[in-house]
Amino acid sequence: MLVLFETPAGFALFKVLDEGKLDKVEDLWKEFTTSDSARKVVELKAFNKFENTSDALSAATLIIDSKPSKGLRKFLQKHCEGETLAVADSKLGNAIKEKLKIDCLHNSAVMELMRGLRNQLTELITGLGAQDLGPMSLGLSHSLSRYKLKFSPEKVDTMIIQAIGLLDDLDKELNTYAMRVREWYGWHFPELTKIVTDNIQYAKVVKMMGNRTNAVDLDFSEILSDEEIETQLKEAAVISMGTEVSDLDLSNIKELCDQVLALSEYRAQLYDYLKSRMNTIAPNLTALVGELVGARLIAHGGSLLNLAKQPGSTIQILGAEKALFRALKTKHSTPKYGLIYHASLIGKASQKHKGKISRSLAAKTALAIRYDALGDGEDNSIGTESRLKLETRLQVLENRELGKSAGSIKGKPKIEVYEKDRKKGAGALTTPAKTYNPAADLVLTEETPKKSELASKKRKHHEVKTEPSAVPAEEAIQEDGDQEDRKKKKKKKSKESEEAPAVEGDGEKKKKKKSKEAQEEPAVAAASEGEKKKKKKKSDADGEDVAMQTEESGKKDKKKKKKKHADDE
């Protein structure tokens, strides 16, 4: 039986001389207490030495993944024909058995044998001293650790995280200091705040000028590029309404200006450093979303490797977690973008297309981050191609294609065929097209009546309806006589009611009133029927006069009754 043992210098094959001692696992360690006793148990058969460090690293990484390297396969095929091979990893033994058809063994006795070999390794392998094995083991372990952790001194994203954090802090401090300079110097020269709007230029002007009286004799062309601003500054310094300040106050203001300028210079240096590190560590991400947005995404994710594990949907809303959970809690619409909103591609899109572009950009950003974190290439080809694709998609969404225009080359508008009733593919009509039907036209002939005759008939019919009824004088006299008879009858009835005893209750009075109204209604109805017989139609005005007269007569009768009742009492 042979034993495969891995060393930093190469692979070693040991032949077991006495396999019976492997049955006693508990006493096996005693055989390796000394080199002489170890040589009685095992013997070195062959040794495959690594050519260089990269060869050792590749072989070691494959052994960790339970895969035999190309050199190991050749070595085993040469020395293990018809032998049983003892290995320290069962998965590696299965791989060797599948590929090389060599029987492999892995049990507790083999592990104890490996332990004894490791203890007497320098004695069993000739030419390999302890002074050489130590540095080899240390160097290989370091290389292996770097490979396993994907470690590279050029790809340390911790520097990016610290740099972007410091850059944000510098922006806040710089803004605070600049506002303090404006507020402090504004007591002496308040007009300068509106004339010079840039904070850095303001600090440089204050440092050069000092007292506002010196502004007339100074040249601000190096600081202020516009001559009009310089003339405004000098004119305002002469007629300024600010208070006078001492030299000690001005010296402190100048020191604060020095701090502002120093912070601005350091901020510019830090931005250049961040830009170079981003182009080195994440070139595709930088080409797609820019240095600042890419650095903030890495800082928010914790590292480039952690960010590579996130899907595109998470990268899209990274930085808007608070809004996301608030929307989920209140059952409102979730946010469409987070830190990725500050990318230039989303800034170019209109408001209605920002959601679509952010989703597409997040998907492409996820691919670029994974390539930067796990890929071996150092170019930004993927990021550049993805950016071009997104720009073309944005142009399509915004209807800004190069070949599309409102008119033709000569300036004439294009006439497009109306394709509403046509299928998109086949071109056949889905519904029959509407055409003009000349058979439906109406042709005038001599038999049809003329318009003038029809109009004269309508006019006569209308005059008959609207013509006021010409009542003869005799009929009018008869109507007056009928009205006088009605009045006499009413007076007689009222007298009879007065002669009745006044002891009757209110109920009897109500009955009399109802009976009178009932007598009056048939009289009015009879009169109207008589008038209808005499006339074809009665005008609305006559009917209203009759109704008014009856109402007035009723009111007079009621007043008379009330007066008589009061006199009787």
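Determine whether residue 35 is open to solvent by less than 60 Å² (accessible area, probe 1.4 Å), among the small types (Gly, Ala, Ser), in the same structural domain as residue 135 (by the TED database) and farther than 24 Å from residue 133 by Cβ. It is false that residue 35 is open to solvent by less than 60 Å² (accessible area, probe 1.4 Å), among the small types (Gly, Ala, Ser), in the same structural domain as residue 135 (by the TED database) and farther than 24 Å from residue 133 by Cβ.
Taking the numbered list (1) out of contact with any Cys (no Cβ under 9 Å at 6 or more places or on another chain); (2) modelled with pLDDT of 85 or more in turn, residue 202 passes all entries but (1). If you go through segment 306-322 and pick out every residue that is open to solvent by 30 Å² or more (accessible area, probe 1.4 Å) and more than 15 Å from residue 369 (Cα to Cα), you end up with 4.
This table checks each residue for (1) in the same structural domain as residue 168 (by the TED database); (2) among the β-branched types (Val, Ile, Thr); (3) open to solvent by less than 60 Å² (accessible area, probe 1.4 Å); (4) in contact with a Pro (Cβ under 6 Å, 6 or more places away or on another chain).
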residue: 255; (1), (2), (3), (4): yes, no, no, no
residue: 288; (1), (2), (3), (4): no, no, yes, no
residue: 304; (1), (2), (3), (4): no, no, yes, no
residue: 332; (1), (2), (3), (4): no, no, no, no
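It is to be established whether one or more residues within segment 360-373 are among the acidic types (Asp, Glu), touching a residue at least 12 places away in the same chain (Cβ under 8 Å) and surrounded by 15 or more Cβ atoms within 10 Å (Cβ to Cβ). Yes. Summed over segment 178-205, residues that are among the hydroxyl-bearing types (Ser, Thr, Tyr) and surrounded by fewer than 20 Cβ atoms within 10 Å (Cβ to Cβ) total 2. The C-beta contact set for segment 78-93 (first residue closer than 17 Å to residue 110 by Cα, second residue open to solvent by 50 Å² or more (accessible area, probe 1.4 Å), distance under 6 angstrom, 6+ apart or interchain) comprises 84/103; 84/105; 86/105; 87/106; 90/106; 93/106. Considering segment 233-253, and only residues there that are in contact (Cβ under 8 Å) with a residue 12 or more places away in the chain and of a type in the set (A, V, I, L, M, F, W, C), the residue that is surrounded by the fewest Cβ atoms within 10 Å (Cβ to Cβ) turns out to be 241.
Of all residues in segment 4-17, at least one satisfies being at pLDDT 85 or above, out of contact with any helix residue (DSSP H, G or I) (no Cβ under 9 Å at 6 or more places or on another chain) and either part of a strand (DSSP E or B) or exposed (fewer than 13 other Cβ atoms within 10 Å of the Cβ) (or both). Does residue 328 meet the test of being farther than 20 Å from residue 171 by Cβ, open to solvent by 60 Å² or more (accessible area, probe 1.4 Å), among the aliphatic types (A, V, I, L, M) and modelled with pLDDT under 90? Here the answer is no, as residue 328 does not meet what is asked. Suppose the filter is surrounded by 18 or more Cβ atoms within 10 Å (Cβ to Cβ), over 18 Å from residue 188 (Cβ atoms) and under 34 Å from the mean Cα position of the chain (by Cα); does residue 230 pass it? Judged against the criteria, residue 230 is not a match.
Scanning segment 83-107 for residues that are surrounded by 17 or more Cβ atoms within 10 Å (Cβ to Cβ), in contact with a His (Cβ under 6 Å, 6 or more places away or on another chain) and not β-branched (Val, Ile, Thr) returns a single hit, 93. Once segment 243-257 is narrowed to residues that are part of a helix (DSSP H, G or I) and charged (D, E, K, R), the residue that is farthest from residue 200 (Cα to Cα) is 247.
A count restricted to segment 350-359 and to residues that are within 30 Å of residue 279 (Cβ to Cβ) and either surrounded by fewer than 21 Cβ atoms within 10 Å (Cβ to Cβ) or not assigned by the TED database to the domain that holds residue 394 (or both) stands at 5.
The values are calculated or read from the model by the stated rules, or taken from the named source; none is laboratory data. Worth saying up front: this structure is predicted, and the values here are computed from it rather than measured. Positions of Cβ are backbone-derived with ideal geometry, glycine not excepted, and every protein chain shown enters the neighbour counts. Each accessible area value is taken on the protein alone, full model and side chains, heavy atoms only, with ligands, DNA and RNA left out. Shrake-Rupley method; radii C 1.70, N 1.55, O 1.52, S 1.80 Å.
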